[in-house]
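The values are calculated or read from the model by the stated rules, or taken from the named source; none is laboratory data. Note that the structure is predicted; figures quoted are calculated from it, not measured. Here the Cβ is made from the backbone with ideal geometry for all residues, glycine too, and neighbour counts use every protein chain on show.
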Amino acid sequence: MMKKVIVIGLDGFEPKIAEAMMARSELPNLQNVREQGGYARLGTTYSAQTPVAWSTYSTGTNPGGHGIFDFLSRDPKTYLPVMALSRYEQKNAFVLPKVVNMRRGIPFWELLSARDVPSTILRVPCAYPPDPVKGRLLSGVGVPDLRGGFGTPTFYSTRKDLHADQSEKVVAVNVEGDRVATQVIGPRDPKTKSDHKFDIHIQIVKEENKIVITSQGQPDKLEVQLGKWSKWLKVRFKVGMMQSVTGIVRFNLRQIEPEFELYASPVNFETEEPLFSISHPKEYAHELAMKIGRYYTAGMAEDHDGLNLGRFDEAAYLDQCRIVMRERRRMMEFELGRFERGYFYCLYDTPDRLAHMFWRFREAGHPSNRHHGYNAEYAGAIEEHYRECDAIVGEAMKAVDDETLFIVLSDHGMNSFQRGLNLNTWLYENGFLALKPGVQPGESGDFFQNVDWDKTKAFALGLGCIFLNLKGREANGILNEEEAEQTRQGIERGLSGLVDPERGAVAVRSVSRREQIYSGPYLHEAPDLLVNFSEGYRVSWDTPLGGVPQGLFVDNHKRWGGDHVIDPALVPGVLLMNRTFRAQSPSLVDLAPTILNALGVPKNAEMEGSDLLS
Amino acid sequence: MNVLVLHFPGAKRAALFNDERLENLRRLMDMGCFGALAASGEWNVLARQENHTLSLMEYFQQADKLCVETTNPVTLREKLSVGDWDYLQYTAASYPADNWSADDYLRLDQEVGEALQELSDDTVIAILGADCFVLVSANNPISGEYSGGVAADIAPTLVQLTGFPLPSAAEGTSWVAGMELNNSSGLTADEQQILRDRLSGLGYI
């Protein structure tokens, strides 16, 4: 039995890259763990996504046992996509909403707590609201920004021709002398349908390439250097005559002349008075901030949208990734410093977020490079980052003693995303999805606008999910069980082995029925079919929110050029332990039993995997 | 629409509207309108007809509404949780008549908070103190501080918010007379925007 289990999570850490680097002796600390114990590729979940995979890690069950199948789900009453990780429940219009975690099942730290084994859990996905635990837990992916989304940044510019993309705000500003008066955009007011705002006054100090932001916030004067990320500014939005909420925001000054351009991060929850609790115990998030300084609280810390929309460049994004890594490392070091026994977990999300944005530089021919330019300097950016991860693993290993089981793992790998499939358009062309009379693909917006539900048999949303329009389940369901079976078979036949004619490559390897890949109490919430893409492919950008654009295959032109939501067999994660373990096809479900057993606590009946050390 | 009136005869405006700890009350104040109430007339008298004083509750009874009146917090809770009422009027009797302590105000806020848990969205809520009111209703076109109201205006205002006609010889003046009431509709373009907001920043979409 062990006294301690220390787990370092590296989100999206790709085995092929890691293996090649280890072969070249570039990851000395990971190699050290491998030599002490072992290394294996780690089987991931259907589908290979952060919330799905880490929920399986936490509960030891397949997604049918915890109910997280994708970032997105659909509301069967409206066919609209909804955020699948948590839900706001409001009994009526007069009371505050309550956040409800949609990850069900029993996380293994609950079993540890029941046996009095303490846990320190930093930034675990899908624990929002935070799971009560003996010890401390800081929520990760799933915590929204102050506007309630995954993150809405703001871009201030004197240019008049800028338009906001769907995931940002653009504010037109004027420079008067050396001054700019503007506002930080806060939460929406559901009543007036306008945004709450916080006044800031900007003074441009041209000769020093900086601005000074003066406000009622903290600090009252904040310096922002050209091209650099500022420190945090604590802001307060009056959300009514009687109520206010606080948040933290940081800036990146992009340009002073000839245009003035300033980027503001999504407004994160502030730890002292967060809108909703983000830690257990409630005060823990703030206690941590007092020790290590303010930190990103939003589940998605890295501003990939800012880069994707070209509001700042790769260098600024790399800077920000370093900031996130540094603060996460400070958290880890602080907590490892006082960790004596039980379970310790710290997740680094950045390997995933960085690889999404830098993958295109590994492939000179990536379609994204035709639009955004190719820079050979970044061809090794992921490797460089992996070395930083390796150094962090080395730091964590300092806390390892003879009675410690040390685990490093990733939830899935990473791959190329060059071509997208318009899944709803495929369903349309093959007679499974109908548009209203006279409407053609491309004339239908997202949210299934202009879809004729009375004639639609199946629809796609999320990252490869297909739902059948079942009678009695969906609002305008039309399929009875026999027709549903025909539809399943038709989609399986048509999509499996689907070839991208422009490239002559198989884009879809197979289609899985939910009954083949899931079991458990939440099976009925799963998408009916899951599309397993080949390397280089994914659903198109228009698919997740229910768009039906023209044409089947499209080049991926976005800077987000790497992805992992393909056939899970192609994107396993990595697993390293400082003890010899069963290296034959370990998978995420095996971690909970392994960790529990190491700490002398029996697994529960729901857990499907087995102890990798026995 | 249902009507819930919570009457706290001993609560004074100066304390009620200036205590930041009264979270439920403050949320309601932000949702609707609030203000001082001059002591002219009685809040629950809708009209004075020849030989008869028509109370608000009587009016709703005549309109076949299920009306309940209580001073007992236990009865209030029961009625709220079962939901068998259209008009529910609670006069808090278990408080001092005057000179409330800070704790009394906290208790009021707690009682209000508990009551709110049980309501449906289409409820018209009036919270009345000795010299003040808070009025919340989804269709209420007035928001923020409302000044110049008198006690006699409460009954006709409530009647109009529920969509009933005012009787002749109404005592006070309905604040929403002649105003267009807010109505709620299905998923608007704006709500789609909210949905987009919530999902944006995910990266994958």
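For the range A:135-146, indicate whether the set of residues that are outside any strand (DSSP E or B) and charged (D, E, K, R) is non-empty. The answer is yes, given that some residue of the range A:135-146 is outside any strand (DSSP E or B) and charged (D, E, K, R).
Considering A:277, A:244, A:230, the condition of being outside the structural domain of residue A:389 (by TED's automatic domain parsing), more than 20 Å from residue A:144 (Cβ to Cβ) and of a type in the set (Gly, Ala, Ser) is satisfied by A:230 alone.
In the range A:63-75, of all residues being part of a loop (DSSP other than H, G, I, E, B) and within 11 Å of chain B (Cβ to nearest Cβ), the one that is farthest from residue A:530 (Cα to Cα) corresponds to A:71.
Test residue A:317 against the stated conditions and say whether it is touching a residue at least 60 places away in the same chain (Cβ under 8 Å) and either away from chain B (no Cβ under 14 Å) or under 22 Å from residue A:10 (Cα atoms) (or both). In short, no. Of everything in the range A:144-169 that is more than 10 Å from chain B (Cβ to nearest Cβ) and surrounded by 18 or more Cβ atoms within 10 Å (Cβ to Cβ), the residue that is farthest from residue A:278 (Cα to Cα) is A:157. Checked against the criterion of being loosely packed, with under 15 Cβ neighbours inside 10 Å and modelled with pLDDT of 85 or more, the candidates B:186, B:172, B:149, B:163 yield just one match: B:163. Among residues of the range A:124-143 being of a type in the set (Val, Ile, Thr) and in contact with a Gly (Cβ under 9 Å, 6 or more places away or on another chain), the one that is farthest from the other protein chains (Cβ to nearest Cβ) is A:124. Is at least one residue of the range A:11-18 farther than 22 Å from residue A:572 by Cβ, more than 12 Å from chain B (Cβ to nearest Cβ) and surrounded by fewer than 24 Cβ atoms within 10 Å (Cβ to Cβ)? No, because not a single residue in the range A:11-18 is farther than 22 Å from residue A:572 by Cβ, more than 12 Å from chain B (Cβ to nearest Cβ) and surrounded by fewer than 24 Cβ atoms within 10 Å (Cβ to Cβ).
In the range A:97-125, what count of residues is obtained for those that are charged (D, E, K, R) and in contact with a helix residue (DSSP H, G or I) (Cβ under 8 Å, 6 or more places away or on another chain)? Residues in the range A:97-125 being charged (D, E, K, R) and in contact with a helix residue (DSSP H, G or I) (Cβ under 8 Å, 6 or more places away or on another chain): 3 in total. Residues in the range A:562-589 that are in a loop (DSSP other than H, G, I, E, B) and surrounded by fewer than 22 Cβ atoms within 10 Å (Cβ to Cβ): A:578, A:579, A:580, A:582, A:583, A:584, A:585. If the condition is being modelled with pLDDT of 85 or more and part of a loop (DSSP other than H, G, I, E, B), then the range A:76-90 contributes A:76, A:77, A:78, A:79, A:84, A:85. Can you work out which of the residues in the range A:278-324 that are of a type in the set (A, V, I, L, M, F, W, C) and in a loop (DSSP other than H, G, I, E, B) is farthest from residue A:51 (Cα to Cα)? Only one residue tops the list, namely A:312.
Residue check: residue A:403 meets all listed conditions (1) modelled with pLDDT under 95; (2) loosely packed, with under 15 Cβ neighbours inside 10 Å but one, namely (1). Looking at residue A:312, is it buried (at least 22 other Cβ atoms within 10 Å of the Cβ), within 24 Å of the chain's Cα centre (by Cα) and over 29 Å from residue A:159 (Cα atoms)? For residue A:312, the condition - buried (at least 22 other Cβ atoms within 10 Å of the Cβ), within 24 Å of the chain's Cα centre (by Cα) and over 29 Å from residue A:159 (Cα atoms) - is not met.
For the range A:231-269, the set of residues classified as closer than 25 Å to residue A:166 by Cα, free of Cβ contacts under 8 Å to residues at least 40 places away in the same chain and assigned to a loop (DSSP other than H, G, I, E, B) consists of A:250 only. For the range B:105-127, the criterion of being buried (at least 16 other Cβ atoms within 10 Å of the Cβ), over 18 Å from residue B:30 (Cα atoms) and free of Cβ contacts under 8 Å to residues at least 24 places away in the same chain is met by at least one residue.
Look through the range A:539-561, keep the residues that are aromatic (Phe, Trp, Tyr) and within 12 Å of another protein chain (Cβ to nearest Cβ), and return whichever of them is surrounded by the most Cβ atoms within 10 Å (Cβ to Cβ). Of everything passing the filter in the range A:539-561, A:560 is surrounded by the most Cβ atoms within 10 Å (Cβ to Cβ).
Does residue B:17 satisfy the criteria of being away from chain A (no Cβ under 14 Å) and within 19 Å of the chain's Cα centre (by Cα)?
Criteria not met by residue B:17.
The set of residues in the range A:189-227 being of a type in the set (Gly, Ala, Ser), closer than 30 Å to residue B:31 by Cβ and assigned to a loop (DSSP other than H, G, I, E, B) consists of A:194, A:217.
When B:44, B:72, B:51 are checked against the criterion of being of a type outside the set (Gly, Ala, Ser) and touching a residue at least 40 places away in the same chain (Cβ under 8 Å), a single residue qualifies: B:44.
Consider residue A:120 carefully, then state whether it is within 14 Å of chain B (Cβ to nearest Cβ) and not aliphatic (A, V, I, L, M). In short, no.
Among the residues of the range B:34-47, the ones that are within 20 Å of residue B:171 (Cβ to Cβ) and in a strand (DSSP E or B) come to 6 in all.
Against the test of being surrounded by fewer than 20 Cβ atoms within 10 Å (Cβ to Cβ), in contact with a Ser or Thr (Cβ under 9 Å, 6 or more places away or on another chain), at pLDDT below 95 and within 13 Å of chain A (Cβ to nearest Cβ), the options B:93, B:138 yield a single qualifying residue, B:138. All conditions in (1) within 14 Å of chain B (Cβ to nearest Cβ); (2) part of a loop (DSSP other than H, G, I, E, B) hold for residue A:186, with the sole exception of (2).
Tell me whether the range A:114-127 contains one or more residues that are part of a helix (DSSP H, G or I) and surrounded by fewer than 23 Cβ atoms within 10 Å (Cβ to Cβ). Among the residues of the range A:114-127, at least one is part of a helix (DSSP H, G or I) and surrounded by fewer than 23 Cβ atoms within 10 Å (Cβ to Cβ), which makes the answer yes.
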